[in-house]
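Structure record follows, encoded as structure tokens.
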Amino acid sequence: MIVADKKPIEEIIEEVKDHDKILILGCNECVTVCEAGGKKEVGVLASALRIYFLNQGKEMKIDERTLERQCDQEYLDEIRDVADDYDAILSLACGVGVQFTAEQYFSRPVYPGVNTCFLGATEERGLWTERCQACGQCVLASTGGICPISRCAKRILNGPCGGSSNGKCEISKELTCAWHLIVERLKSLDRLDDYEKLFPIKDWSTDRAGGPRKVVREDVQL
Amino acid sequence: MSEAKTPSKLEKILRAGHLGVTSECGPPRGTDPDAIKKKAELIKDHVDAINITDNQTSMTRLCSLASCIHLKLMGLEPILQMVTRDRNRIALQSDILGAASFDIHNMLCLTGDHQSFGDCKQGQNVHDLDSMQLIQTVRHMRDEGKFLGGDDIKRPPNMFVGAAANPFADPFEIRVPRLAKKIAAGVEFIQTQCIYNLEKFEEWMRLARERGLTEKVFILAGLTPMKSAGMAKYMKNRVPGMDVPDELVKRLAGVPKEKQAQEGIDICVESIQRLKEMEGVKGFHIMAIEWEEKVPEIVERTGLHPRPKN
Ligand code: SF4
Ligand code: SF4
């Protein structure tokens, strides 16, 4: 899933303080799972903002709504009737949702309420970690199912670097070295010989480097 | 090992069967070329070639290439260190051409420390290639005379290609396979991480010999003399991938503070003497960090002076 984290309330106040009527728009997908922008967080943020502006002596209408998805036109259409009642939308969806909402409600300012962080998984409640950087050409088949692009601090394809120590990455004792994990996994798969295969120079044109990407699937197009 | 493939003086000395001696100089954090020239003056008669580090520990410094040119203009033999952290494949190939245009004939391919160690923690890192792929790239440019993109290079670069190896990093079981992998990528000489744990190094060398790797690559044993017990403790606890045995820390701590530096030099000399007997060790890389003036003493006391005239 896409993992996001809450923005500091001060930053959000700065974004919305000049408006009088705002809609806080949550999303029921990834940001709900990572507890940053679901219905619950919409409610908490709305209360905090109401109290803040009340104390400031500013009258502010703050409404709450959470859509099934903000990266989908069908669900975004659900607020078509009410969008005009607000002079700004504060979206707690990931960066994709924020932008898609802004595209659908072009004349309305749409502000981000979360920082979109990475593609990751829930390791335990309150702990999410990165697993993929969407490089567009997945290499997991040759790395024992562990991604060196997202999990090695230097995205080394022929690792580990000289800084790997006691299974930890040179940048932090808290971080497991991805190449340590890869070697361990190859060992348990009885495939350690594969370690010696040189990973060729990667074509990064399918990555961010190649410019904004798109997937076109004629087989599913209507 | 066979005929020299490049005009590198280091390569000629190694292929002639002599023990090679290299050292390194870190460029200054400013524009004064004398900083690098003075360091080089201190060691030039005692080493065959001098590494110039590339923004080591990710601190921004005068660039490795320009520093190498200063050495070249002094008539010395530089080894251009290049990390893959800061440059993509365009910049790396371009700098290789630039170096070769000044007849710089040695290069060391490295990944580089993470930028979070340095003065630009908020910067991006590039890592378009990794160190193995940089080895492949420079060998491809030299041997095929072609760019990565496939076009011909007019007057291809003629570099003797090196890399680092850390026999002490984890996991140990891939340390020798990793060396084999670098050799497969095309590396011709290796400078190792600083050796303090001689037993572990010996084990690594034994495994490398068993696979015939010491016949395929020149291994220069890396050494850094300790200035004090404090430095030994710091290296032991703080520097990733460094293996400093407790006995060594104890030995340094066992002598009065003002004598610890000399003890550090003595330890380094004793290590070299032991390593000289180790089959497969083809030379020494003496990294006396901000202590270049000690290199001549170490080289002389270990019988590695005078240096061959290539
Ligand atoms: S290799 Fe690429 S696509 Fe596969 S997990 Fe890593 S970043 Fe994602
Ligand atoms: S220590 Fe491991 S994870 Fe960290 S940069 Fe080096 S190879 Fe990558």
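Each value in this text was obtained by applying a stated rule to the coordinates, not by laboratory testing. Owing to the predicted nature of the structure, the values given are computational and were not obtained by experimental measurement. Glycine gets a Cβ as well: all are built from the backbone with ideal geometry, and neighbour counts include every protein chain shown.
Here are the numbers for this structure:
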| item | result |
| --- | --- |
| GNM top mover of B:V126, B:V281, B:V244 - chain B, alpha-carbon springs below 10 Å | B:V126 |
| Order of B:H127, B:H46, A:H180 under a 10 Å beta carbon neighbour criterion, fewest first | B:H46, A:H180, B:H127 |
| Neighbour net charge for A:T101 - beta-carbon separation under 12 angstrom, K R +1, D E -1 | 0 |
| MRE, 222 nm, helices only [DSSP H, n ≥ 4, -39500 (n - 2.57), over chain B, to nearest 500] | -11500 deg cm²/dmol |
| Chain A - percent relative contact order, Cα under 8 Å, separation 6 or more | 17 percent |
| Measure of compaction for chain B (Cα Rg per 2.2 N^0.38 Å) | 0.96 |
| Whole-Å distance, taken between Cα centres, linking region B:54-72 and region A:129-206 | 29 Å |
| Residue with peak Gaussian network fluctuation, chain A [Cα springs, cutoff 10 Å], from A:S188, A:S142, A:S47 | A:S188 |
| Alpha carbon centroid spacing (whole Å) that separates region B:225-277 from region A:1-77 | 58 Å |
| Cut-off under 5 Å, modelled amide H: who pairs with B:I79 long-range | B:I50, B:N51, B:I52 |
| For chain B, share of DSSP beta bridges that run antiparallel, in % to the nearest 5 | 5 percent |
| Translational diffusion coefficient (Stokes-Einstein; Kirkwood radius from C-alpha pairs) of region A:2-118 at 10 °C, 1.306 mPa s, in µm²/s | 115 µm²/s |
| Low-density loop positions, trypsin sites (Lys or Arg not before Pro), region A:160-222 - DSSP coil, at most 14 other Cβ in 10 Å | A:R191, A:K197, A:R213, A:K214, A:R217 |
| Nearest-ten-degree value, helix A:39-55 long axis tilted from longest Cα axis of chain A | 50 degrees |
| Relative contact order of chain B, pairs being alpha-carbon contacts under 8 Å that are 6 or more residues apart, as % | 19 percent |
| From phi via Karplus (6.51, -1.76, 1.60), per-residue ³J(HN,Hα) for region A:7-23 in Hz, x at Gly/Pro | 7, x, 4, 4, 5, 5, 4, 4, 5, 9, 4, 8, 9, 10, 9, 10, 10 |
| Cubic angstrom per residue, convex hull over Cα atoms of the protein assembly as shown | 204 Å³ |
| Under 24 Å from A:K21, Cα to Cα: lysines that are on another chain or at least 8 residues apart | A:K6, A:K7, A:K39, A:K40, A:K58, A:K61 |
| Amide H within-cut-off set for A:G26, under 5 Å, with H built and near neighbours excluded | A:R65, A:T66, A:L67, A:L92 |
| Student exercise, the protein assembly as shown dipole from Lys, Arg, Asp, Glu Cβ charges, in Debye to nearest 20 | 1720 debye |
| B:T224, A:T129, A:T143 arranged by Cβ crowding within 10 Å, fewest neighbours leading | A:T129, B:T224, A:T143 |
| For the protein assembly as shown, share of DSSP beta bridges that run antiparallel, in % to the nearest 5 | 25 percent |
| Placed amide H near B:A165: partners under 5 Å, 5+ positions off or other chain | B:Q191, B:T192, B:Q193 |
| For region B:283-288, Karplus couplings with θ = phi - 60° (6.51, -1.76, 1.60), whole Hz, Gly/Pro x | x, 9, 10, 9, 9, 9 |
| Proximal lysine pairs, region A:133-207, alpha carbons under 19 Å, eight or more residues apart or interchain | 5 |
| Nearest-20 debye value, chain A charge dipole, Cβ charges on Lys, Arg, Asp, Glu | 800 debye |
| Ranking of A:C138, A:C177, A:C34 by count of other Cβ atoms within 10 Å, fewest first | A:C138, A:C34, A:C177 |
| Base-10 log of normalised Debye intensity for chain A (one unit scatterer per alpha-carbon) at q = 0.17 Å⁻¹ | -1.14 |
| On Cα atoms only, tilt of A:178-188 relative to the major axis of chain A in degrees | 50 degrees |
| Within a Gaussian network of chain A (alpha carbon springs, distance under 10 Å), most fluctuating of A:L90, A:L175, A:L23 | A:L175 |
| Degrees, to the nearest 10: A:95-104 long Cα axis against longest axis of chain A | 40 degrees |
